[in-house]
Amino acid sequence: MVNPDRNLRSTTVAVARLDAATRDAMWQLFECYYVQVTRQQFDHDLAEKSHVVLLRDRGSCQLRGFSTLQLLQRRVQGRPVVVIFSGDTIVARECWGQTRLQRAFLSYVMRAKLAHPWTPVYWLLISKGYKTYLLLTRNFPEHWPRHDRPTPSWQSALLDDVARHKYGAAWLPERGILHFDHCAGALREQVAPISDEQLKFPDIRFFNERNPDHAAGDELCCLGRVNHRLWTYYMTKLARRALGLGAQRTPAGEAR
């Protein structure tokens, strides 16, 4: 089996240091997979972020994927909390199954945890596609919402606080989703459709039930806990893969 990581490298850079060519490449890749988003909207969202993880070919340096990041400090029910928000994220289809981007993201969130050792740290994810939701469920031992248990009250309050802060009236807390009066972008129809066969998987069925209008651009708001369990879990998974003990696969056939 060909290792999809072999010819890829990742770097994490400050948004302020991105040159025009890289910004153009990010937009060109993004519009291959998303509709109903303008370049102006894309640039506005990017300007709000602090860092971006870039995935490139080692030889050609061609951009193959990216994820934008923003760090927020909030106080919820009297408790300080650090929230890492990942915004626009895309990987070229030919690189699906890679782990370079995931590992760079994990390094970023763990550095944030080391910088705030006594403060809870969470990843805030908004998802309009089941594959993004699976990145959460497959890699974060503590995540919400989930199909097998209700979201704890404090984590519910955290989701409500941050979603209201960032999205205002678009946040629908009773449904746990973001719904925009004017679509803020949707995946192209062929990118991540959900088949009847895939609905047999609990995580995908749960995502589809909680966010039935995801194809129209609705976003499911999610949290993942960043702590020592996350690091141990992910490194154990990588070690099992290196030893040939098998990689967990999504119904779409992508190793996670």
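Report yes if Arg79 is closer than 23 Å to Leu159 by Cα, in contact (Cβ under 8 Å) with a residue 12 or more places away in the chain and not small (Gly, Ala, Ser), otherwise no.
yes
Starting from residues that are more than 21 Å from Arg103 (Cα to Cα) and touching a helix residue (DSSP H, G or I) at 6+ places or on another chain (Cβ under 9 Å), keep the ones in region 39-71 and report whichever is surrounded by the fewest Cβ atoms within 10 Å (Cβ to Cβ).
Applying the filter and picking the extreme gives Ala47.
Looking at region 1-16 only, could you name the residues that are more than 18 Å from Phe105 (Cα to Cα) and either modelled with pLDDT of 90 or more or in contact with a helix residue (DSSP H, G or I) (Cβ under 7 Å, 6 or more places away or on another chain) (or both)?
Across region 1-16, the qualifying residue is only Ala16.
Determine which single condition Cys61 fails, assuming it passes every other condition in (1) touching a strand residue (DSSP E or B) at 6+ places or on another chain (Cβ under 7 Å); (2) assigned to a loop (DSSP other than H, G, I, E, B).
Only one criterion is unmet by Cys61, namely (1).
Sort through Val91, Val83 and tell me the only one that's under 20 Å from Thr132 (Cα atoms), among the β-branched types (Val, Ile, Thr) and out of contact with any Phe, Trp or Tyr (no Cβ under 7 Å at 6 or more places or on another chain).
Numbers: Val83 fails: out of contact with any Phe, Trp or Tyr (no Cβ under 7 Å at 6 or more places or on another chain).
Unique residue meeting the criteria: Val91.
Filter region 31-55 down to the residues that are in a strand (DSSP E or B) and closer than 15 Å to Phe105 by Cβ and list them by number.
His51, Val52, Val53, Leu54, Leu55
Any residue at all in region 121-131 that is small (Gly, Ala, Ser) and at pLDDT 95 or above?
no
Any residue in region 85-104 that is under 16 Å from the mean Cα position of the chain (by Cα), modelled with pLDDT of 95 or more and either of a type in the set (Gly, Ala, Ser) or assigned to a strand (DSSP E or B) (or both)?
yes
Go through region 203-234 and give me each residue that's of a type in the set (Asp, Glu), closer than 16 Å to Leu172 by Cα and surrounded by 15 or more Cβ atoms within 10 Å (Cβ to Cβ). Spell out the reasoning first.
Quick first cut of region 203-234, residues of a type in the set (Asp, Glu) only: 203, 209, 213, 218-219.
Applying the additional criterion that residues be closer than 16 Å to Leu172 by Cα yields 209, 213, 218-219.
Once the filter is applied, which keeps residues that are of a type in the set (Asp, Glu), closer than 16 Å to Leu172 by Cα and surrounded by 15 or more Cβ atoms within 10 Å (Cβ to Cβ), region 203-234 yields Asp218, Glu219.
Against the definition (part of a helix (DSSP H, G or I) and surrounded by 22 or more Cβ atoms within 10 Å (Cβ to Cβ)), how does Tyr122 come out, yes or no? Before you say what the answer is, go through the steps one by one.
Details: part of a helix (DSSP H, G or I): no; surrounded by 22 or more Cβ atoms within 10 Å (Cβ to Cβ): yes.
Spelling it out, it is not the case that Tyr122 is part of a helix (DSSP H, G or I) and surrounded by 22 or more Cβ atoms within 10 Å (Cβ to Cβ).
Taking the condition of being farther than 20 Å from Pro80 by Cα, surrounded by 14 or more Cβ atoms within 10 Å (Cβ to Cβ) and touching a helix residue (DSSP H, G or I) at 6+ places or on another chain (Cβ under 9 Å), how many residues in region 149-171 meet it? Give the steps one after another, and end with the answer.
Taking region 149-171 first, the residues farther than 20 Å from Pro80 by Cα are 149-150, 167-171.
Filter once more, so that each one left must be surrounded by 14 or more Cβ atoms within 10 Å (Cβ to Cβ): 167, 170-171.
After this cut, where a residue has to be touching a helix residue (DSSP H, G or I) at 6+ places or on another chain (Cβ under 9 Å) as well, the list is 170-171.
Residues flagged as farther than 20 Å from Pro80 by Cα, surrounded by 14 or more Cβ atoms within 10 Å (Cβ to Cβ) and touching a helix residue (DSSP H, G or I) at 6+ places or on another chain (Cβ under 9 Å) within region 149-171 amount to 2.
From the set of residues in region 145-180 that are assigned to a strand (DSSP E or B) and aliphatic (A, V, I, L, M), which is nearest to Glu209 (Cα to Cα)?
Ranking the qualifying residues of region 145-180, first place goes to Ile177.
Could you please tell me which pairs satisfy a Cβ distance under 8 Å, a separation of 6+ or placement on different chains, a first residue in region 228-251 that is over 19 Å from Glu142 (Cβ atoms), and a second residue that is modelled with pLDDT of 75 or more and aromatic (Phe, Trp, Tyr)?
Matching pairs, first to second residue: Pro251/Phe201.
Against the definition (over 30 Å from Leu243 (Cα atoms), aromatic (Phe, Trp, Tyr) and surrounded by 18 or more Cβ atoms within 10 Å (Cβ to Cβ)), how does Phe85 come out, yes or no? Let's see the steps before the verdict.
Values: over 30 Å from Leu243 (Cα atoms): yes; aromatic (Phe, Trp, Tyr): yes; surrounded by 18 or more Cβ atoms within 10 Å (Cβ to Cβ): yes.
Taking the combined requirement at face value, the residue satisfies it.
Scan region 125-144 for residues that are of a type in the set (Phe, Trp, Tyr) and either part of a helix (DSSP H, G or I) or free of Cβ contacts under 8 Å to residues at least 40 places away in the same chain (or both) and jot them down.
Hits for region 125-144 are Tyr130, Tyr133.
The values are calculated or read from the model by the stated rules, or taken from the named source; none is laboratory data. It should be emphasised that the depicted structure is a prediction, and the values quoted were computed from it without experimental measurement. As a convention, Cβ positions derive from the backbone with ideal geometry for all residues, glycine included, and neighbour counts pool all protein chains shown.
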